[in-house]
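Just so it is clear, none of the values below were taken in a lab; they were calculated from the coordinates. Quantities reported herein were computed from a predicted structural model and do not represent experimental measurements. Cβ atoms come from the backbone with ideal geometry, glycine included; neighbour counts cover every protein chain shown.
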């Protein structure tokens with residue numbers, strides 16, 4: 001079996017496993033890149049940048065090791081959802097109208113705040 005055939009088989013295997021994993025409103029995407037197989041999810045949610053109108057959102061991509069078991073793949077899918085829900089929560093949790101724990105702050109600016 002060629003490396004390309006192995007990669008195609010692994011993509012199909014991961015996609016088949018994720019076809020049995022559900023979370024309301026999310027759907028799974030399985031891709032490959034130079035590092036191997038990656039998964040991410042898409043979902044509809046209010047866009048906190050575009051005035052709150054629902055838009056398709058995407059989670060970060062999560063790498064799947066070539067030797068990852070079914071349990072690891074499903075565990076990674078859970079981590080994907082948990083991280084995504086936390087991200088949305090941080091955007092929508094507000095104090096005096098501002099998302100003070102928001103996920104989009106520049107780390108260098110946060111570092112400056114730590115000097116106060």
Any residue in segment 9-25 that is within 15 Å of residue 83 (Cα to Cα) and in a strand (DSSP E or B)? no
First in segment 61-73 and in contact (Cβ under 8 Å) with a residue 24 or more places away in the chain, second anywhere and assigned to a loop (DSSP other than H, G, I, E, B), Cβ under 7 Å, 6 or more apart: 63/35
Per the filter on segment 41-80, residues in a helix (DSSP H, G or I) and either crowded, with 17+ Cβ neighbours inside 10 Å or in contact with a strand residue (DSSP E or B) (Cβ under 6 Å, 6 or more places away or on another chain) (or both) are 73, 76, 77, 80
Residues of segment 28-40 being over 22 Å from residue 92 (Cα atoms) and part of a strand (DSSP E or B), in sequence order, are 28, 29, 30, 31, 32, 33, 36, 37, 38, 39
